[in-house]
There are 2 protein chains.
Amino acid sequence: MVKEEDMAVVLIGHGSKLAYNKEVLEELRRRVELRGIFKEVKVAFMQLNSPSIEEVLRNLAKDGMKKIVALPVFLANGAHTTEDIPEKLKTSFAGEWADIGQDVELTYAKPIGVDERVVDILIDRVKESEPIKGE
Amino acid sequence: MVKEEDMAVVLIGHGSKLAYNKEVLEELRRRVELRGIFKEVKVAFMQLNSPSIEEVLRNLAKDGMKKIVALPVFLANGAHTTEDIPEKLKTSFAGEWADIGQDVELTYAKPIGVDERVVDILIDRVKESEPIKGE
């Protein structure tokens, strides 16, 4: 377990042609940063939006960050979190990038998953629900 | 605002060829049900898994449920939550299904979105993170 005050955290989003996914990721990033626990908090996107995972990881390494946590902001595991994102994490410091990545301790977090706090939120959303627009 | 004890809630998942999405949805469903707030709690999937949204809504209506909340278990809005799911909700009680849906009050909830409880979970996931498998 590395010290949190030396960690950089990268919130990884799915990416979307619509703006919602990026907006939610950026606001979650801001709120994680506000907690003041981690040295750096960044967002990166698996696809469609920028910056890419590779770009963010390489820039953090270039800036001297030695402990980076890749955090998939996904509800559940799936092909994206078990295959696509780990592949990008590995290639970020492969080949010509091996030098800048050689001292980086890169770890990968689990997705949000089943959690009573998610259950609490879902129940709140039910209570706030409204008729479908256009009906 | 309808009375919660008369409501049926349908947790709507994205659906996936892998089992994770369905497993998370079913476990969240079980935990919402355990809270004992709502009359019925079901899961439905937008694609790939069953049961479908239409099937679940029609069965709840046939069973006499008059208040149904469709709850998209998604992190953020996107084309699925703003277009695909609302379209399925509308067609569930259209045409030949209009009769069984005529007395149903159907409402639609917002996705999980930005919430301090999500921030808490993300920070926990960072603290639990591990080296990528295969490294």
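Every read-out reported here was derived from the displayed coordinates using simple, explicitly stated rules and does not represent laboratory data. Here the structure is a predicted model, which is why all the values come from computation and not from measurement. Cβ: placed from backbone, ideal geometry, glycine included. Neighbour counts: every protein chain shown.
List the trypsin sites (Lys or Arg not before Pro) in region A:54-118 that DSSP assigns to loop (not H, G, I, E or B) and whose Cβ has at most 16 other Cβ atoms within 10 Å. Which are they?
Within region A:54-118, the qualifying trypsin sites (Lys or Arg not before Pro) (loop, at most 16 other Cβ atoms within 10 Å) are A:Lys66.
Which percentage, to the nearest 5, of the DSSP beta bridges contained in the protein assembly as shown is antiparallel?
10 percent
Taking B:Ile100, B:Ile121, B:Ile68 as the candidate residues, the one with maximal mean-square fluctuation in a Gaussian network model of chain B, Cα springs under 10 Å, is B:Ile121.
Per residue, the average separation of C-alpha pairs within less than 8 Å and at least 6 apart gives region B:58-135 a relative contact order of 44 percent. Position A:Glu128: other-copy label points at 2.5 nm, ordered by increasing distance, label point 7 Å along Cα→C-beta.
Largest GNM mean-square fluctuation among A:Val43, A:Val118, A:Val69, using chain A with Cα springs under 10 Å: A:Val118. Axis between A and B by rotation; chain A residue with nearest Cβ and distance in whole Å recorded as A:Arg117, 2. With its label point defined 7 Å out from Cα along the Cα-to-Cβ axis, A:Ala94 lies at 4.6 nm from the matching points of the other copies, in increasing order.
Model label sites at A:Val114 and A:Gln102, defined 7 Å from Cα along the beta-carbon direction, differ in position by 4.5 nm. Where the centre of each part is set by its Cα atoms, how far does region A:86-104 sit from region A:52-76, in angstrom? Here the two parts' Cα centres lie 11 Å apart. Label-point distances for B:Lys39 to the equivalent site in the other copies, using a point 7 angstrom along Cα→C-beta, read 5.7 nm when ranked shortest first.
Overall size of chain B from C-alpha positions, given as principal axis extents largest first: 58, 30, 22 Å. Cross-link check: pairs A:Lys39/B:Lys17; A:Lys39/B:Lys22; A:Lys127/B:Lys88; B:Lys17/B:Lys66 evaluated at a Cα-Cα cut-off of 26 Å; pairs beyond the cut-off: A:Lys39/B:Lys17; A:Lys39/B:Lys22; B:Lys17/B:Lys66. Averaging sequence separations of C-alpha pairs under 8 Å and six or more residues apart, then dividing by the length of chain B, give the relative contact order as a whole percent. The value is 26 percent.
If you run the Gaussian network model on chain B, springs between alpha carbon atoms under 10 Å, then out of B:Val73, B:Val24, B:Val119 the most flexible one is B:Val119.
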